[in-house]
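What follows is one structure encoded as structure tokens, with my remarks underneath.
Each reported figure results from applying straightforward, stated rules to the coordinates on display, with no laboratory input. Remember, predicted model here, so these are calculated numbers, not experimental data. Quick reminder, even Gly has a Cβ in these numbers, built from the backbone with ideal geometry, and neighbours come from all protein chains shown.
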Amino acid sequence: MRFFRKSLTGLFLFALTLGLLAWAGIMVREAVQARINEEPRERAARERVFTVNTVQVTPGREVPILSVFGEVQSARTLELRAAAGGTLMDLDPAFVEGGEVTEGQLLGRINPADAQSALDRAESDLLDAQAEGREAQRAIGIARDELTAAEEQVALRDRALRRSQDLLERRVGTEAAVETAELALSTARQAVLTRRQAVATAEARIDQAATAQRRAEIARDEASRRLDDTEIRAAFDGVLTEVTVVAGRLVSANEQLAQLVDPAALEVAFRVSTPQYARLIGADGRLRGAPVQVVMDVFGVSLTTSGTLSRESASVGEGQTGRLLFATLDAARGFKPGDFVTVQTKEPALENVARLPATALGADGAVLALGDDQRLQVVPVTLERRQGDEVIVRAEDLAGREVVAQRTPLLGAGIKVEAMRPEGAEDANVTDADTTDQMLELSAERRAALVAFVEGNSRMPEEARTRVLAQLQQDRVPADVVARIEERMGG
């Protein structure tokens, strides 16, 4: 009985399973037939809408800023060269790299023994020439006295001849006496000629003595200048650089020993393109004396000073383009010749132009403007200036309209967009500005590494180094300063 009951139960379950499988097959077949027989339904296509950031075009007056790179240089530089050869001695302690000197300060001396001996000889020759002049003056006095005496002898002989002739006419004298008187007169006149020749010789001797004295004075002055050339003096107040001297060194004539730079007379030289130069000249074709702003960014600390455009290069230069301009710096505190700086100056103002993000302008010279149905339209504009991440364009037709701030390849004419107004962008900018002001707490190892790098940087101005080190010694250090230093460290 038990076996029979279990057999019936198994048979029942097997029949139930077959019934369920048959019922499932029928349901699948009916579903497939219903799917095949039903008519296809078309779904309505949905248009893709892009979300874009927009800015409003507001034409107005804009002042473009011309920004270029330049190099600081000294407008007053002097090469200190040895005017004479010899052994260098008596060096001033300030005659070193970076030494500050004053005008007329004796920096060094070349052994003056030979020059002093030459000067002594020249002075001795001058004394001889002066003595010769005095002797010539005395000689001419004697010669003139002798000439006077000879002329008196002529007068006496002439009177004696006339007496002899008178006596002969009165038959008292003899012809021999007259002839003797005539011979004596002729001899006296010959003596006068001799004395006149002596006076002329004495006068020539005076001229020769004066010429010799003048030559001796010239030789004395030349020897004195050569003695002065053994001294190396500062021509003006300044700082020494490129010093290549040591005490006891043997230098040759015209050898460069150092350069003297006036730190108070600095200027910046920078090159601009020809179109930029055309915007900086006035109606008279001359460079305008426009103010400039000079900035040097050093490890998060910016050194800034002002200046004025002063002059331009006379020629373009071989292999160069554009124009080389110079600007005089007003107060160059912290700047040194050779610094690489950014020069900014204002160009003439532009009217009826708009300032837009640089990403809003496409390569085709057009922007994407929003239409009434939130669809994009391509509107050509005229590019006037590029100002960093912004552009200044002229587009009178876009006044008051919104344009796409960041163009992408997916955007084009006729595409429908959803505009994000500038308020969101302003909030994001505020957040970014807040994050840039973060302060960091540095570990001892990290702080020591930063301090060592700043102290070992020889190209960093002393003022900027002091300021950065003071920031690094604080408990909390600005994050941007740390980032700049570690970027230059390669960390």
- In whole Hz, with x marking every Gly and Pro, tabulate ³J(HN,Hα) for the range 76-91 from phi via Karplus 6.51 cos²θ - 1.76 cosθ + 1.60, θ = phi - 60°. 9, 10, 10, 8, 8, 10, 7, 6, 9, x, x, 8, 7, 8, 6, 6
- Note on the structure: Residue-ordered couplings for the range 164-179, obtained by feeding phi - 60° into the Karplus form 6.51 cos²θ - 1.76 cosθ + 1.60 and rounding to whole Hz (Gly and Pro as x), are 4, 5, 5, 5, 5, 5, 8, 6, 9, x, 10, 5, 5, 5, 5, 5
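Roughly how big is the chain's charge dipole about its Cα centre, with Cβ charges of +1 (Lys, Arg) and -1 (Asp, Glu), in debye to the nearest 20?
1880
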- Note on the structure: Percent relative contact order for the chain, counting Cα pairs under 8 Å at least six residues apart, stands at 23
- Note on the structure: Net charge (Lys, Arg +1; Asp, Glu -1) of residues whose beta-carbon lies under 13 Å from that of ALA129, ALA129 excluded, is -1
- Semi-axes of the equivalent ellipsoid for the chain, Cα gyration tensor, largest first, Å: 112, 34, 19
- Give the calculated FRET efficiency between ALA314 and GLN190 to the nearest 0.05, with a Förster radius of 60 Å applied to their Cβ-Cβ distance. 0.20
- Roughly how big is the range 114-229's charge dipole about its Cα centre, with Cβ charges of +1 (Lys, Arg) and -1 (Asp, Glu), in debye to the nearest 20? 740
- Rounded to the nearest 0.05, what FRET efficiency do LEU127 and THR382 have when you use their Cβ-Cβ distance and R0 = 56 Å? 0.05
- Task: Hey, can you grab everything whose amide H is under 5 Å from the amide H of ASP339? Only 5+ residues off in sequence or another chain; H modelled, so Pro and N-termini drop out.
- Result: VAL72
- Message: For the pair ASP207/ASP229, report the inter-label distance in nm, with labels modelled 7 Å from Cα in the Cβ direction.
- Response: 3.4
- Principal axes first, then extents: for the Cα atoms of the range 265-346, list largest minus smallest coordinate on each axis, whole Å, largest first. 38, 28, 22
- Query: Taking only the alpha carbons of the range 114-229, what extent do you get along each of the three principal axes, in Å, biggest first?
  - Reply: 88, 13, 13
- Separation of alpha-carbon centers, the range 128-186 and the range 40-102, rounded to whole Å: 98
- Task: Towards the positive end of the charge dipole of the range 114-229, with charges on Cβ (+1 Lys, Arg; -1 Asp, Glu), say which of VAL192, LEU168, VAL178 has the farthest Cα.
- Result: LEU168
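Give me the number: length gained by fully extending GLN374 to LEU106, i.e. 0.36 nm times residue separation minus the C-alpha to C-alpha distance, one decimal in nm.
Extra length from GLN374 to LEU106 when fully extended: 88.4 nm.
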- Task: Calculate one ³J(HN,Hα) per residue across the range 210-218 by plugging θ = phi - 60° into the Karplus curve 6.51 cos²θ - 1.76 cosθ + 1.60, and present them in order as whole Hz with x for glycine and proline.
- Result: 5, 4, 5, 5, 5, 5, 5, 5, 4
- Which far-off residues, 5 or more places away or on another chain, put their amide H under 5 Å from the one on ALA399, with H placed in the peptide plane? none
- For GLN190, net neighbour charge (Lys/Arg +1, Asp/Glu -1) across residues whose Cβ lies under 12 Å away: +4
- Rule-of-thumb Rg ratio for the range 328-399 [Cα; 2.2 N^0.38 Å; N residues]: 1.64
- Item | Cβ-based net charge around ALA150, under 12 Å, with every Lys or Arg adding one and every Asp or Glu removing one | +1
- So how strong a dipole does the range 265-346 carry about its Cα centre when Lys and Arg Cβ are +1 and Asp and Glu Cβ are -1, to the nearest 20 debye? 180
- Query: Given H placed on each backbone N at 1.01 Å, which residues far from GLU231 in sequence or on other chains put an amide H within less than 5 Å of it?
  - Reply: ILE110
- Give, in nm to one decimal, the length gained when the segment between GLN344 and LEU13 is fully stretched (0.36 nm per residue of separation minus the Cα-Cα distance). 109.6 nm
- How long, wide and thick is the range 437-489, going by the Cα atoms along their three principal axes, in whole angstroms, largest first? 27, 20, 18
- Query: What distance in nm separates the simple spin-label points at ARG286 and PHE69, each placed 7 Å from Cα in the Cβ direction?
  - Reply: 3.3
